[in-house]
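I have placed the structure first, in the form of structure tokens, so that the comments after it can refer back to it.
The values are calculated or read from the model by the stated rules, or taken from the named source; none is laboratory data. None of these values were measured; they are calculated from a predicted model. Counting neighbours? That spans all protein chains shown, and the Cβs are built from the backbone with ideal geometry, glycine included. SASA here: full protein model, heavy atoms, side chains in, ligands and nucleic acids out. Shrake-Rupley method; radii C 1.70, N 1.55, O 1.52, S 1.80 Å.
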Amino acid sequence: GQQLNQSPQSMFIQEGEDVSMNCTSSSIFNTWLWYKQDPGEGPVLLIALYKAGELTSNGRLTAQFGITRKDSFLNISASIPSDVGIYFCAGQLAYGGSQGNLIFGKGTKLSVKP
Amino acid sequence: EAGVTQFPSHSVIEKGQTVTLRCDPISGHDNLYWYRRVMGKEIKFLLHFVKESKQDESGMPNNRFLAERTGGTYSTLKVQPAELEDSGVYFCASSHQGQGGSNEQFFGPGTRLTVL
């Protein structure tokens, strides 16, 4: 089946550092979404991207839709302890997928040391 | 505005029993989705409702899973009979119907199902 390769799998950083994670695929996507999940909660939508090359910010978070439409990255600047959690990328295939069927990466677990 | 709610938050059942999960989407959202995350794996799509109709059920594992959305409001996902491999977290999500907005899916807190 279709797969998103999300990396890194986990990160342990110092408070104040910048963070970068990405998702890649061999397939073309027409939508990229980034979610964050806290323990015991469901994924919370952070950023949605709809156009190749699109760069969108949400506070200290910035995400980009890759020009090839096969990848996306998420950056977090000046990390704080509450950034801890699991970050997921999710995308909708441009071809071969149905409307609404999101494909998820395996997640990046972020730990922040005060 | 209330978010997506799911009930129960946890369920522990024995193999062979039946369990029914419920999802209440955000009010006014025509699209309702079910996903599942099995331990150590990624979140995987199960099915998609538009109002009361099944738009896509290609992710349903087998015929032990039955999803309904009578009246186009809340949805139920029944597993009968449950097997050990059905254990995981079941997420529900909803979104608006509309150009550009329909992919912004908002997730509920999930139901953690444990089959013993």
### Query
Carbon and sulfur: what percent of chain B's accessible surface (1.4 Å probe)?
48
### Query
For segment B:1-113, what is the accessible area per residue in Å², given a 1.4 Å probe and the full set of protein chains?
49
### Message
Output needed for the protein assembly as shown: three equivalent-ellipsoid semi-axes, defined as square roots of 5 times the C-alpha gyration tensor eigenvalues, in descending order, whole Å.
### Response
29, 21, 16
### Message
Pick from A:Ser57, A:Ser72, A:Ser82 the residue whose mean-square fluctuation is largest in a GNM of chain A, springs joining Cα atoms under 10 Å.
### Response
A:Ser82
### 1.4 Å probe accessible area per residue over segment A:16-114, in Å²
42
### Task
From zero up to wherever the largest Cα-Cα distance of chain A sits, split into 10 Å bins and tell me the percent of pairs in each.
15, 49, 29, 7, 0
## Note on the structure
Taking only the Cα positions of segment B:14-99, the convex hull volume per residue in Å³ is 93
### In the B-A interface, the accessible area buried, summed over both sides, Å² (probe 1.4 Å)
1700
### Message
Principal axis extents for segment B:55-111, Cα atoms only, whole Å, descending order, please.
### Response
39, 23, 20
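Within 10 Å, count the other beta carbons around each residue, average over each peptide in B:23-30, B:11-18, A:102-109, B:49-56, and list them highest first.
A:102-109, B:23-30, B:49-56, B:11-18
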## Note on the structure
Treating only Lys and Arg (+1) and Asp and Glu (-1) as charged, each at its beta carbon, one finds that segment B:19-116 has a dipole about its Cα centre, in Debye to the nearest 20, of 160
### Query
Expressed as a whole percentage, what fraction of the accessible surface of segment A:62-114 belongs to carbon and sulfur atoms when a 1.4 Å probe is rolled over the protein heavy atoms?
58
### Task
Measure off, as a whole percent, the carbon and sulfur share of the 1.4 Å-probe accessible area of segment A:1-55, all protein chains present.
46
### Query
In peptide B:105-113, how many Cβ atoms from other protein chains are near each Cβ within 10 Å, on average?
4
